[in-house]
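Step one of this worksheet: look at the structure below.
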Amino acid sequence: MKMNTDSVAEFLREVSLIQRLPSSSLSKIAELLQVEHYVKGEFVIHKGESKGVYFILQGEAEVFVNSDDDIRHEFILKRYDYFGIGVPTSEQQEDVAALSKLTCLVLPSEHCCLLQPKQKTFPPIETILHLDPIEADLFQGITLPSAPMNDMSSRMFGGQFLGHKDEKGFERQEVFMPSVPAPETLLSMEELRERRIIDPRLPKSYRNKVGAAKHVPWPIEIRFCDPSITTNQIKTPPRVRYWLRAKGKLTDDQTLHRCVVAYAIDLVLIGVIANPHRQRGLTMNTLTVNHTMWFHRDVKADDWILFVIESPFAFGARGLVYSQMFNQNRELVVSLVQEGLVRAASTPQTTIKAKY
């Protein structure tokens with residue numbers, strides 16, 4: 001028996017095992033799942049006899065652990081839980097029986113390879129970003145969970161993420177995308193770096209420093225609309241405009257695209273606060289205090305997005321940045337505000353030694 005593929009896909013998006021996979025895998029899995037029904041007390045699988053991976057759609061199941069002396073009731077599985085051969089925990093070691101009327105979606109064992117993340121084929125940005133999925137309750141289409149982001153090895157930060165279920169409503173846009181050169185006509189960061197190394201208008205010491213520095217390519221491609229020809233110790237206006245996009249082709253998961261945008265904006269954003277205050281010999285320390293983003297429309301992070309940044313205010317070691325992002329259809333897709341600490345780096349105090 002088959003179910004509507006869209007309904008199955010919507011269910012799978014709530015399963016933690018599936019949330020780590022690209023959307024292309026989710027679609028394939030949704031097409032391959034088979035519906036199985038069980039009555040209360042009926043065994044779903046016996047130890048070592050699973051024919052695939054079972055996702056609980058409705059009802060509850062109970063896991064029994066066989067020992068030498070007896071059979072123990074270990075724990076209960078509910079909607080969105082999964083079990084069977086093919087999940088990342090080797091072979092099936094327990095019996096599972098229906099605790100109530102039970103409906104499972106079964107992925108046959110020959111297709112369980114779809115459950116493995118294909119990280120080797122991910123664009124560079126997807127090897128950096130990873131979002132831990134959490135359970136969230138919906139209230140009139142809005143959910144307010146808290147979720148951490150990892151860099152595949154260690155947790156980086158936690159934040160509050162407000163979600164809104166898609167719905168029809170009023171539409172207007174009073175803010176307009178500025179007139180800027182097309183991204184294809186602008187220089188890449190790598191090309192700008194090469195030009196800086198040979199630009200006679202820049203101090204030789206600075207050019208040598210840029211040339212000697214180890215160049216680590218970013219997973220984000222950036223093209224400045226008004227590239228600066230000064231060093232980072234010269235005052236510049238508190239505004240920047242540039243195009244950005246992720247290198248490589250991303251999956252069509254909108255969550256991933258929004259994570260990429262959130263990651264990309266911190267590469268330049270807070271430094272705009274410091275631009276008017278730069279001077280020769282001055283080193284600044286910057287730190288984000290508060291950061292809020294509003295995603296107005298779906299965003300494609302692997303397509304060019306215009307990032308318009310302006311810092312209207314700085315006082316008492318703190319500064320504010322406003323920013324807007326536009327797609328190539330000139331639609332406003334993201335708005336954001338960031339507050340940051342910007343301080344002159346303290347110089348080590350000279351220790352005065354007593355003379356004896």
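The values are calculated or read from the model by the stated rules, or taken from the named source; none is laboratory data. From a predicted model like this one, the values you see are computed outputs, not experimental measurements. When we count neighbours, we look across all protein chains shown, and the Cβ atoms used for this are built from the backbone with ideal geometry, even at glycine.
Can you find a residue that is surrounded by 13 or more Cβ atoms within 10 Å (Cβ to Cβ) and at pLDDT 90 or above anywhere in segment 170-178? Scanning segment 170-178, I find at least one residue that is surrounded by 13 or more Cβ atoms within 10 Å (Cβ to Cβ) and at pLDDT 90 or above, so the answer is yes. Within the set Lys214, Lys249, Lys204, the sole residue that is surrounded by fewer than 12 Cβ atoms within 10 Å (Cβ to Cβ), at negative phi, of a type in the set (D, E, K, R) and in contact (Cβ under 8 Å) with a residue 60 or more places away in the chain turns out to be Lys249.
Can you find a residue that is among the hydroxyl-bearing types (Ser, Thr, Tyr) and either over 13 Å from Ala98 (Cα atoms) or modelled with pLDDT under 90 (or both) anywhere in segment 25-37? Yes; the residues of segment 25-37 include at least one that is among the hydroxyl-bearing types (Ser, Thr, Tyr) and either over 13 Å from Ala98 (Cα atoms) or modelled with pLDDT under 90 (or both). Please work out which residue is nearest to Lys168 (Cα to Cα), limiting yourself to segment 285-328 and to residues that are among the β-branched types (Val, Ile, Thr) and within 19 Å of the chain's Cα centre (by Cα). Among those that are among the β-branched types (Val, Ile, Thr) and within 19 Å of the chain's Cα centre (by Cα), it is Val299.
Residue-wise test of (1) exposed (fewer than 14 other Cβ atoms within 10 Å of the Cβ); (2) in a loop (DSSP other than H, G, I, E, B).
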| position | (1), (2) |
| --- | --- |
| Leu17 | no, no |
| Leu21 | no, yes |
| Ser24 | yes, no |
| Ala30 | no, no |
| Val35 | yes, no |
| Gly41 | yes, yes |
| Ser50 | no, yes |
| Val53 | no, no |
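A single member of Arg245, Arg241 is at pLDDT 90 or above and either under 29 Å from Phe313 (Cβ atoms) or not assigned by TED's automatic domain parsing to the domain that holds Asp298 (or both), and it is Arg241. Residues of segment 16-45 that are farther than 19 Å from Glu110 by Cα and over 18 Å from the mean Cα position of the chain (by Cα): His37, Tyr38, Val39, Lys40, Gly41, Glu42, Phe43. Under the condition of being surrounded by fewer than 17 Cβ atoms within 10 Å (Cβ to Cβ) and among the acidic types (Asp, Glu), which residue from segment 252-286 is nearest to Gly319 (Cα to Cα)? Checked segment 252-286; the qualifying residue nearest to Gly319 (Cα to Cα) is Asp266.
For segment 272-330, how many residues meet the condition of being part of a strand (DSSP E or B) and farther than 16 Å from Arg241 by Cα? Here the count works out to 18.
Scanning segment 287-318 for residues that are surrounded by 17 or more Cβ atoms within 10 Å (Cβ to Cβ) and hydroxyl-bearing (Ser, Thr, Tyr) turns up just one, Ser311.
Within segment 1-15, being crowded, with 19+ Cβ neighbours inside 10 Å and either out of contact with any Leu (no Cβ under 8 Å at 6 or more places or on another chain) or at pLDDT below 85 (or both) holds for one residue alone: Val15.
State the number of residues belonging to segment 284-339 that are farther than 30 Å from Lys249 by Cβ and charged (D, E, K, R). Residues flagged as farther than 30 Å from Lys249 by Cβ and charged (D, E, K, R) within segment 284-339 amount to 3. Number of residues in segment 205-238 that are closer than 19 Å to Gln279 by Cβ and at pLDDT 80 or above: the value is 3. Screening Ile56 with (1) touching a Phe, Trp or Tyr at 6+ places or on another chain (Cβ under 6 Å); (2) modelled with pLDDT of 90 or more gives one miss only, at (1).
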